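This report refers to the structure that appears directly beneath it.
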Amino acid sequence: MKFKSILIIVLAITLTACGNDTLPKPSAHLRLEYPKAEYKTLEAGFPFTFEKNELATQIKARAISNDSGSYGIDLMYPALKGTIYLTYKPIKNNKERLTTLLKDAQGFTQEHTVKADEIVEQVYANKDRNVYGMFYEIGGNAASQSQFYVTDSIHHFITGSLYFYAKPNFDSILPAAKYLQKDIQQIMETINWK
């Protein structure tokens, strides 16, 4: 009799305990929405022009003292906590200088292989505007998520890198990196040499 009573109690507890199971909440993903890009031509006395996103509210030109005619342009995106750093160097119709600049640009990107999961290269060529280059998308926790260079192979050479003001965490900065990669592609596609 005692055994039947215990069995009935255990059975009653088991049947009533299975009613409302607590389920874990599904994983949520952060939804970041950025404004639609509005591009305007940047003309600031450089030997080239390009279209920049109006979201880049701070633009700073910096001199590079070790090389005559070289300087940098920083397109800062405070809302995204990132900057696209551009560096211009004249080639001066010197094939050796062009070769050196190409090796430096490609080597700088390859330095990220230590932390990068992958580096995807995309060749860019626009014969009508005489603009040739390479875009690198860097996956993983590398310091820079995108890099590129463009040149006319005779007079002008521009390199660019995207950096964020945060410790590299690919998953966290991916939406902003993708947004700014479109800006980099817009820069490459709209460069006009003077």
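Quick test for you: out of Ile158, Ile187, Ile154, Ile173, pick the one residue that is part of a helix (DSSP H, G or I) and within 20 Å of Phe48 (Cβ to Cβ).
Numbers: Ile158 fails: part of a helix (DSSP H, G or I); Ile154 fails: part of a helix (DSSP H, G or I); Ile173 fails: within 20 Å of Phe48 (Cβ to Cβ).
Within the list Ile158, Ile187, Ile154, Ile173, the selection yields Ile187.
When you scan segment 106-115, do you find a residue that is touching a helix residue (DSSP H, G or I) at 6+ places or on another chain (Cβ under 9 Å) and surrounded by fewer than 16 Cβ atoms within 10 Å (Cβ to Cβ), even just one?
Within segment 106-115, the subset touching a helix residue (DSSP H, G or I) at 6+ places or on another chain (Cβ under 9 Å) is none.
No: zero hits.
Check off (1) over 20 Å from Tyr88 (Cα atoms); (2) crowded, with 20+ Cβ neighbours inside 10 Å for Lys182 and give me the number that stays unchecked.
(2)
Out of segment 127-156, which residues are of a type in the set (Asp, Glu) and either closer than 11 Å to Met188 by Cβ or touching a residue at least 40 places away in the same chain (Cβ under 8 Å) (or both)? Reasoning before the result, please.
Step one: filter segment 127-156 for residues of a type in the set (Asp, Glu), giving 128, 137, 152.
If the condition is that a residue be of a type in the set (Asp, Glu) and either closer than 11 Å to Met188 by Cβ or touching a residue at least 40 places away in the same chain (Cβ under 8 Å) (or both), then Glu137, Asp152 are the ones that fit.
Can you find a residue in segment 125-138 that is surrounded by fewer than 13 Cβ atoms within 10 Å (Cβ to Cβ) and aliphatic (A, V, I, L, M)?
The answer is yes; a qualifying residue exists.
Does Glu121 meet the test of being part of a strand (DSSP E or B), of a type in the set (D, E, K, R), modelled with pLDDT under 95 and surrounded by fewer than 21 Cβ atoms within 10 Å (Cβ to Cβ)?
Yes.
Between a first residue in segment 157-183 that is closer than 14 Å to Leu75 by Cα and a second residue that is among the aliphatic types (A, V, I, L, M) and modelled with pLDDT under 90, which pairs have beta carbons less than 6 Å apart while being 6 or more apart in sequence or on different chains?
Phe164/Ile173
Would you mention how many residues in segment 92-107 are in contact (Cβ under 8 Å) with a residue 60 or more places away in the chain and within 20 Å of Phe135 (Cα to Cα)?
Final tally of qualifying residues: 0.
Is it the case that segment 168-177 has a residue that's aromatic (Phe, Trp, Tyr) and within 17 Å of Phe46 (Cα to Cα)?
Among the residues of segment 168-177, not one is aromatic (Phe, Trp, Tyr) and within 17 Å of Phe46 (Cα to Cα), which makes the answer no.
Examine segment 64-78 for a residue that is at pLDDT 80 or above, surrounded by 12 or more Cβ atoms within 10 Å (Cβ to Cβ), of a type in the set (S, T, N, Q) and touching a Pro at 6+ places or on another chain (Cβ under 8 Å), and state whether such a residue exists.
Yes, because at least one residue in segment 64-78 is at pLDDT 80 or above, surrounded by 12 or more Cβ atoms within 10 Å (Cβ to Cβ), of a type in the set (S, T, N, Q) and touching a Pro at 6+ places or on another chain (Cβ under 8 Å).
Could you tell me whether any residue of segment 79-102 is among the charged types (D, E, K, R), modelled with pLDDT under 85 and under 26 Å from Leu180 (Cβ atoms)?
No; the residues of segment 79-102 include none that is among the charged types (D, E, K, R), modelled with pLDDT under 85 and under 26 Å from Leu180 (Cβ atoms).
The values are calculated or read from the model by the stated rules, or taken from the named source; none is laboratory data. Since this is a predicted model, take the numbers as computed values, not measurements. In this analysis, Cβ positions are derived from the backbone assuming ideal geometry, glycine residues included, and neighbour counts consider all displayed protein chains.
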